[in-house]
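Every number in this text was worked out from the coordinates using simple rules, so none of it is lab data. For clarity, every value in this text was computed on a predicted model and none was experimentally measured. Note: ideal-geometry Cβ built from the backbone for every residue, glycine included; neighbour counts use all protein chains shown.
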Amino acid sequence: MQTVFPPFDAAYWQARYATPGRAGWDAGRPTPPLRTYFDQLLVSQQPRILIPGAGRAYEAEYLHRLGFRHVVVADLAPEPLAALATRVPDFPPENLWLVNFFALPPAPPFDLLIEQTFFCALAPGLRPAYARQCAALLRPGGKLVGLLFDTEFAGATEPPFGGTRAEYRTYFEPYFEFVYFDTAHNSLPARAGRELFICLQKQ
């Protein structure tokens with residue numbers, strides 16, 4: 001029997017952020033694999049970057065401090081967006097979007113979409129729609145880059161939800177070329193060996 005999950009809506013996420021000990025995914029900084037990737041991006045190109053389900057958006061803060069000025073953060077809950085605005089007062093407020101990722105319009109397209117603990121926060125039934133929406137939001141040749149859990153969390157009834165490489169491929173193969181899709185070599189210690197670093201290019 002297929003598990004039926006409750007709606008993980010704005011109220012759900014706002015409550016998780018507000019409850020001590022319920023934001024275990026929050027590393028307090030950009031994770032090493034993404035920081036390494038960001039360090040080789042060219043600031044001179046000023047790509048349009050989207051970070052959906054960004055949480056407290058340490059990745060957006062890091063990119064902003066590197067000099068990237070077209071970083072958009074999207075989240076359902078106001079608390080994490082407010083946390084970023086407080087930490088980084090000069091982050092453009094027009095780039096803080098309180099919005100449902102699946103309601104974002106496809107234009108203008110983004111050059112780069114960053115995945116960091118958003119995919120695993122979605123009810124698993126939304127995964128095909130996530131892959132489809134990522135492709136819709138990216139320009140041709142644009143990239144989806146980030147981390148996915150390479151492990152299953154048996155019996156999970158709320159986020160995070162894990163999965164397998166074979167499962168993930170079925171979602172992304174219709175839309176993306178797989179530039180890199182393998183175990184992250186510099187994960188946080190608690191996640192070592194349990195994360196995939198992905199770099200997928202829109203067909």
Proximal charge balance of Leu200 [Cβ under 11 Å; K/R count +1, D/E count -1]: 0
R0 of 35 Å, Cβ-Cβ distance Arg29-Arg165: FRET efficiency to nearest 0.05: 0.85
5 angstrom amide H check on Leu138, placed H, neighbours 5+ away: Phe110
At least 27 Å along the helix axis (C-alpha) and Kyte average at least 0.0, DSSP helices within the chain: none
Residue exposure sequence - Cys120, Cys134 - by fewest surrounding Cβ within 10 Å: Cys120, Cys134
Qualifying GluC sites (Glu not before Pro) in the stretch 81-168, DSSP loop, other Cβ atoms within 10 Å at most 15: Glu152
Inter-centroid distance (Cα atoms) of the stretch 134-203 relative to the stretch 53-94, Å: 22 Å
Dipole magnitude (debye, nearest 20) for the chain, charges at Cβ of Lys, Arg, Asp, Glu: 160 debye
Distance between modelled label sites at Ala103 and His70, nm, 7 Å Cα→Cβ extension: 2.5 nm
Choice from Pro189, Pro47, Pro93 with maximal GNM fluctuation in the chain (Cα, 10 Å cutoff): Pro189
